[in-house]
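Chemist: First the structure, then my questions, so here it is.
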C-alpha cells in the first residue's frame with residue numbers, strides 16, 4: 001500500500017485514523033508547466049477520491065481523513081497551486097486555473113472518474129469542476145463551503161487582506177485567519193498550531209494570488225440543480241466563514257443531497273471534530 005507524504009512532524013491530532021506512517025513518498029506532476037505536489041495512497045485499483053484542501057493550507061489538512069479513507073479507497077490529496085509544495089508561479093491565479101490543474105492531475109494519473117471532496121476553497125473548486133466536467137465524478141462531498149460568489153463587501157475584505165500581507169507578512173494574517181476559522185469553544189491548541197505552521201510555510205505571493213482568485217470566482221448556485229451524482233454536505237455548527245445556512249441552501253437545491261451539521265466545530269470541521277466528520281463521510285462513501 002502506498003503511503004502519503006508529510007512535510008511536518010506527525011502531530012497526534014493529524015495522526016487520528018492512521019495506524020502508522022511509512023517511508024515518505026514525494027509525488028509530483030507537471031501540469032501545463034506547473035509542478036503540482038500530491039500524495040497517492042491506498043489500493044490503486046480501488047475507486048479514487050480526490051481531496052481538495054481549503055485556503056490557505058495544504059493537503060496535510062486532510063491527514064485526519066487519509067488514514068481512514070485509504071483502507072477502502074484510492075486517496076489522492078494534492079496541494080493547490082501556490083500552496084504547500086506546489087509551484088507558486090507568477091501569482092496570477094483564477095479559480096478556472098485551479099480547476100484546470102485538478103483536471104490535469106486526473107488526466108496525468110489516468111483517472112477518468114473520481115469522487116470529489118473539497119473543503120472551503122476546495123469546495124469552490126469542486127463545485128466549478130462539477131459544473132464544467134460533470135462526467136468526471138462518481139460523487140461529490142462539499143465541506144464548509146458555499147456556491148455563492150463573493151459579495152462586494154467580501155471582495156473588499158480580500159483586497160484589504162492582500163494589503164496587510166504585503167505590509168506585515170504572513171504570520172499576523174495566520175493568527176487573524178485562524179481566529180475566524182476555529183470555533184471559539186475549541187480548547188485543543190495543537191490543531192491550531194499545526195494549521196498555523198502550514199499557513200506560515202506558504203508563500204505570500206501564493207496567498208495573495210489565491211485571494212484574488214477567490215474574489216473573482218463565478219457563482220455556481222444556478223448549476224446546483226443540475227448536479228445528478230450522490231452529494232454529501234458537511235458543515236461545522238459554529239462555522240462563521242461559511243455558516244450552516246449556506247449549506248442548507250445548497251442542500252435544498254441539490255436533489256437527493258445529504259446534509260449533516262458537525263457539532264462542536266467551526267470552519268475546519270474535519271480537524272475540529274474528526275470523529276463525527278469521518279463517520280458521516282464513511283457512511284456516505286460506503287453507500288454511494
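The values are calculated or read from the model by the stated rules, or taken from the named source; none is laboratory data. If you're wondering where the values come from, they're calculated on a predicted model, not measured in any experiment. Quick reminder, even Gly has a Cβ in these numbers, built from the backbone with ideal geometry, and neighbours come from all protein chains shown.
Chemist: So which residues in the stretch 89-110 are surrounded by fewer than 17 Cβ atoms within 10 Å (Cβ to Cβ), outside any helix (DSSP H, G or I) and within 18 Å of the chain's Cα centre (by Cα), if there are any at all?
Modeler: The answer is 94, and nothing else.
Chemist: Does the stretch 50-67 contain any residue that is out of contact with any helix residue (DSSP H, G or I) (no Cβ under 6 Å at 6 or more places or on another chain), surrounded by fewer than 17 Cβ atoms within 10 Å (Cβ to Cβ) and either within 19 Å of residue 269 (Cα to Cα) or in contact (Cβ under 8 Å) with a residue 12 or more places away in the chain (or both)?
Modeler: There is no residue in the stretch 50-67 that is out of contact with any helix residue (DSSP H, G or I) (no Cβ under 6 Å at 6 or more places or on another chain), surrounded by fewer than 17 Cβ atoms within 10 Å (Cβ to Cβ) and either within 19 Å of residue 269 (Cα to Cα) or in contact (Cβ under 8 Å) with a residue 12 or more places away in the chain (or both).
Chemist: Residue check: is residue 113 surrounded by fewer than 19 Cβ atoms within 10 Å (Cβ to Cβ), at negative phi and touching a strand residue (DSSP E or B) at 6+ places or on another chain (Cβ under 6 Å)?
Modeler: Values: surrounded by fewer than 19 Cβ atoms within 10 Å (Cβ to Cβ): yes; at negative phi: yes; touching a strand residue (DSSP E or B) at 6+ places or on another chain (Cβ under 6 Å): yes.
For residue 113, the condition - surrounded by fewer than 19 Cβ atoms within 10 Å (Cβ to Cβ), at negative phi and touching a strand residue (DSSP E or B) at 6+ places or on another chain (Cβ under 6 Å) - is met.
Chemist: Related question: Looking at residue 208, is it closer than 19 Å to residue 255 by Cα and either without any contact (Cβ under 8 Å) to a residue 12 or more places away in the chain or buried (at least 20 other Cβ atoms within 10 Å of the Cβ) (or both)? Talk me through it step by step, then tell me what you get.
Modeler: Values: closer than 19 Å to residue 255 by Cα: no; either without any contact (Cβ under 8 Å) to a residue 12 or more places away in the chain or buried (at least 20 other Cβ atoms within 10 Å of the Cβ) (or both): yes.
So residue 208 fails the test.
Chemist: So, in the stretch 251-280, exactly how many residues are buried (at least 17 other Cβ atoms within 10 Å of the Cβ) and either modelled with pLDDT under 95 or within 16 Å of residue 238 (Cα to Cα) (or both)?
Modeler: Of the residues in that region, 16 qualify.
Chemist: Right, here's the next one. So which residues in the stretch 124-172 are without any contact (Cβ under 8 Å) to a residue 40 or more places away in the chain and assigned to a loop (DSSP other than H, G, I, E, B)? Give the steps one after another, and end with the answer.
Modeler: Filtering the stretch 124-172 for residues without any contact (Cβ under 8 Å) to a residue 40 or more places away in the chain gives 129, 132-133, 135-136, 151-153, 156-157, 160, 163-164, 167-172.
If the condition is that a residue be without any contact (Cβ under 8 Å) to a residue 40 or more places away in the chain and assigned to a loop (DSSP other than H, G, I, E, B), then 133, 151, 169 are the ones that fit.
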